[in-house]
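Below you'll find the structure I mean.
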Amino acid sequence: MRLAAPLALVLLVGIIWLVIARNRWRREEPALALPSWGAAMPSSLRARIAPMAWPVRAACIAALILALARPQWGFEETSATYRGIDIMVALDVSNSMWADDIQPDRMTAAKEVTQRFVAGLEEDRVGLVLFSGEALTYSPLTTDLEAVGDLVERVEVQMVLPSGTNMEAALLSAAARFDFEQQRTRVVILVTDGEQTVPGYPVEVGARACEAKHVRVYTIGVGRPEGAFIRLPPSQGGDILRDPFGQPIRTKLDEVTLQEIARVTGGQYWRAETAGQLQEIFDTIAQLEKGELKVSRRVRYEERMELLIWPAAVLLLLDGLIFGAWCRRTV
């Protein structure tokens, strides 16, 4: 609430001064001597009501003065426009994700970070692509973030066959999930720890497909540039994975290709050598890609003079009918 014309309250000070002055004058006025039998005379209803005329008139004038101060009640109008983003997470599930240079292993670390990332989204849509030698759309774009989080929890290495690393297929599969709607930002987060090992599938084709749909690709290289040996999980013996010649297989990180994908699509590339770094990268992407939010606020005030004018009118009517007419009648 506010008063649009607070200076009108100065008149209220004058009313208060008149009330105080009148009370003092009445106390100083000498009492009228009455006959001894006057005390026994019953006072009429009019005589008892008549002294209330002054307070009623003062209240009426005070209500009018407060009305002149123009009390106003305000309420806030808020309009918000949110335009979310579409995010496809392309997650490498090839054998190299068993490497334990990131504890407990690359796959587990990637899953945990992806789950936290999805849970932190709000009004965005998110989907999931799994890839190794081929790509599989594990979840289309959806606002059911809890369902996507549950799917990420079920992801395991070798869920997509054949083995290998086919980033071109991953990018094409992710790009196919987007339409040409221009009102939403479109992003692909490519998480991989290797290099393109499937011949005949140029990664540039996938990058250009994303670029054609105005999709930014953020590439994340998991692991160290020098690579790491791939150790099978305990359920499969826990031995180091070997090629047909018995040599240990070392996974390599092709940072040049990942950087080129990011460059072509207007995204960025990061390397994560620890689970903590991987978490920081996802947090950074969450800050970079925020849906457009426009909020406008306006406070509207409405006049509430009638809340005081109507009581003042009623008091004025009572003053005229009761104190101006009825109390002045003579018997």
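Quick note: the coordinates plus some simple rules give every number you see, no bench work behind them. Note that the structure is a prediction, hence the values are computed from the model and not measured. Neighbour counts are summed over all protein chains in view; Cβ atoms, including those assigned to glycine, are modelled from backbone coordinates with ideal geometry.
Estimate the FRET efficiency between E123 and R304 by the formula 1/(1 + (r/R0)^6), using the beta-carbon distance for r and 41 Å for R0, to the nearest 0.05.
0.60
Once region 82-154 is represented by equal point scatterers at the alpha-carbon sites, with solvent omitted, what log10 I(q)/I(0) does the Debye formula produce at q = 0.17, 0.20, 0.21, 0.28 Å⁻¹?
Once normalised to I(0) and log-transformed, intensities are -0.63, -0.83, -0.89, -1.29.
Run through the DSSP bridge list for region 85-290 and note the antiparallel percent, rounded to the nearest 5.
25 percent
If I take R0 = 30 Å and measure r between the Cβ atoms of L12 and L318 in this structure, what FRET efficiency does the formula 1/(1 + (r/R0)^6) give, to the nearest 0.05?
0.90
At 7 Å along the Cα-to-beta-carbon direction for both I249 and D100, put a label point, then send me their distance in nm to one decimal.
For the pair I249/D100, the computed spacing is 1.8 nm.
Further, regarding this structure: Roughly speaking, what is the stretch gain from A21 to E153, that is 0.36 nm per residue apart minus the C-alpha to C-alpha distance, in nm to one decimal?
39.2 nm
Please say if region 140-187 is rounded, prolate or oblate, where rounded means a/c under 1.5 for a ≥ b ≥ c the square roots of the C-alpha gyration tensor eigenvalues, and otherwise the choice is prolate for a/b larger than b/c and oblate otherwise?
oblate
Moving to a separate point now. From the alpha carbon gyration tensor of region 85-290, can you work out the equivalent ellipsoid semi-axes (sqrt of 5 times each eigenvalue) and give them in Å, largest to smallest?
26, 18, 15
Could you give the length gained on full extension between T143 and S163, defined as 0.36 nm per residue of separation minus the Cα-Cα distance, in nm?
So the extension gain works out to 4.1 nm.
Let me ask something additional. For region 196-284, what are Rg and Dmax over the alpha carbons, in angstrom?
Values for region 196-284 (Cα only, Rg and Dmax): 15.9, 45 Å.
While we're looking at this one, here's another question. Can you pull the one-decimal nm distance between simple spin-label points at R242 and E112, each 7 Å off the Cα toward Cβ?
3.2 nm
Using a Förster distance of 22 angstrom, determine the FRET efficiency expected from the C-beta separation of T284 and A212, and round it to 0.05.
Working from the Cβ atoms, E equals 0.30.
Next up: Counting other Cβ atoms within 10 Å of each Cβ, which trypsin sites (Lys or Arg not before Pro) in region 95-185 have at most 13 and sit in a DSSP loop?
Answer by residue number: R154.
Another question, if that's okay. Where in region 188-229 are there GluC sites (Glu not before Pro) that are in a DSSP coil and have at most 10 other Cβ atoms within 10 angstrom of their Cβ?
Passing sites in region 188-229 are E226.
Would you list which aspartates and glutamates come within 20 Å of K290, measuring only between C-alpha atoms, while excluding same-chain residues fewer than 8 positions from it?
Once the sequence-local aspartates and glutamates are set aside, what remains near K290 is D86, E122, E123, D124, D144, E146, D179, E181, E211, E280.
Starting from 0.36 nm per residue, how many nanometres of slack lie between Q259 and A176 once their C-alpha separation is accounted for?
27.7 nm
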